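**Q** I am attaching a structure below and will ask some questions about it afterwards.
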Amino acid sequence: MVGCSLLLVFLVVAATAGYGYVHYRFGQISSVDVPGLHRSSSGRPFNLLVVGSDSRESLDDADGSRYGNVGGQRNDTTLVVRVEPARKRVSMLSIHRDLVVPIAGGGENRINAALTGGPGQLVKTIEQNFGVPIHHYLLIDFDGFRAIVDALGGIDVRFPYPSRDLKSGLDIREAGCRHLNGGRALALARSRYFAYQLDGVWHSDPWADLGRIRRQQAFLQALVKAALDKGLTNPVRANAFVGSLVHEVTKDSALRVSDVIRTGTAFRSFSPSKLATYTLPVTVSTDHPLGDVLLLKQPDATAVVDRFLGRAPAPSSGATPGATAPANTQVSILNALGTTGLAATTATKLRGSGYRIATVGNAPSADLPRSQIAYAPGRLSDAQTLANTLIGGARLIEDPTLTAPHLTLILGPGFTGIRPLASPGSAPSGPGTTAGDSGGENAGGGPGTTTRKPSAKKAVPDPRPYDPRPC
């Protein structure tokens, strides 16, 4: 969350300060080589991966006990910020920490485990699963969050009710506008077990991490505004703020100071109210081998990513938007569900969408959490197109033993049918959204009840009356 505001503030500072000052400060930022980044061209849109690390390495004993003495480092908060200089547009895509995906170079796991293999593994995981290319990388940890908020002089947040989180350390005993220093702001930003007191009774927010994302998104615009107002109107405060920034974040080594100055010039008059926020639609799984986790809700997730990247809107028909079967793609279909004839009926439907069927049969005994598609190296896009036709989605796995254009589809738990692709040569029926699409700007699909059962409701609902908000 702070990483996004840091980006915007630093860009504006770059546009208003001298080149020598910016070059000096920029050189103080820690850099790391990140494999898998795409090259960005001058003036073209680029995607910045902003990671909030849960590393406890820099915390003292008291804070280590409060936040948990957990070894290692995970991407506790994962955001992709898309910057489009020509359109003067900045968008943010939130990725849930408990979302289960295939980790690049490894097995299936929560996406917050991807950083344990280094930033390159996280970059590749995001691109392989969501089709979002990453051009630059920014990391911030607990200490960085606190130092930067303190450099702003703190932030003002209005609490409709007394609020607390016994795990994060949040403790607001009176309702109203409260001034938060870095430590208290961190307790709010990390709150997953948020509770509020109404009529003398404490009530828990049932949305856990989804509720945290909801509060963070509402809080982000005010934080950016505070950073711009407090950090740039006073040169002394601006210097203190940028000074705290450079010592508390890590960037990719490919990000150049000339890129920052050029982008800063384009966004000199950017208004925080124009920050567009998106969240990946998800469903909740309570019987997954990893425990209670989140799974992508398709085709809604693809539609949200398309809007985030500025791709063409989805057609209003039930067909997969704008997609046709990749030319000459051959699919082997294996039935792991035990339903008689399921592979054969699935093959018939896929043929109708233009796929060539290689073989049909039963899968060897396997304990799969969901359907699975194996693809040849370099053919991820073919697997993604096929996955978008599966109602219930699928796990995508690169298989070096396969040769293009062959895919192997194993029908597993959660599979309920085939969504037709657009017929070859047909045109989209018009603008709109796919049936059942509940994701999008400031919204997503996800659990709709406190029983943590999957539903088609928004993953991140509108702010609740008990949610803290800027004063």
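The values are calculated or read from the model by the stated rules, or taken from the named source; none is laboratory data. What you see is a predicted model; the values in this text were computed from it and never measured. Don't worry about glycine lacking a Cβ; one is built from the backbone with ideal geometry, like all the others, and counts go over all protein chains shown. What goes into the accessible areas is simple: the full protein's heavy atoms, side chains included, and nothing from ligands, DNA or RNA. Shrake-Rupley method; radii C 1.70, N 1.55, O 1.52, S 1.80 Å.
**Q** Work out, step by step, the length gained on full extension between residue 30 and residue 87: first 0.36 nm times the residue separation, then minus their alpha carbon distance; give nm to one decimal.
**A** That pair, residue 30 and residue 87, stretches by 17.5 nm at full extension.
**Q** Here's a follow-up. Simple spin-label model, 7 Å along Cα-to-Cβ: residue 257 to residue 471 in nm?
**A** Placing both labels 7 Å along Cα→Cβ, they lie 3.8 nm apart.
**Q** Can you give me the accessible area per residue for region 143-189, using a 1.4 Å probe, in Å²?
**A** I get 41 Å² per residue for region 143-189.
**Q** If 159, 46 are ordered by their accessible area, calculated over protein heavy atoms with a 1.4 Å probe, which sequence runs from highest to lowest?
**A** Largest to smallest exposure gives the sequence 46, 159.
**Q** Something else now. Which order do you get for 356, 110 if you rank them by accessible area with a 1.4 Å probe, largest at the top?
**A** 356, 110
**Q** Rank these by accessible area, largest first, 1.4 Å probe: 42, 258.
**A** So, going from the largest accessible area down, we get 42, 258.
**Q** Okay, moving on. If R0 is 30 Å, what FRET efficiency do you get for residue 330 and residue 391 from their C-beta distance, rounded to 0.05?
**A** It comes to 0.85.
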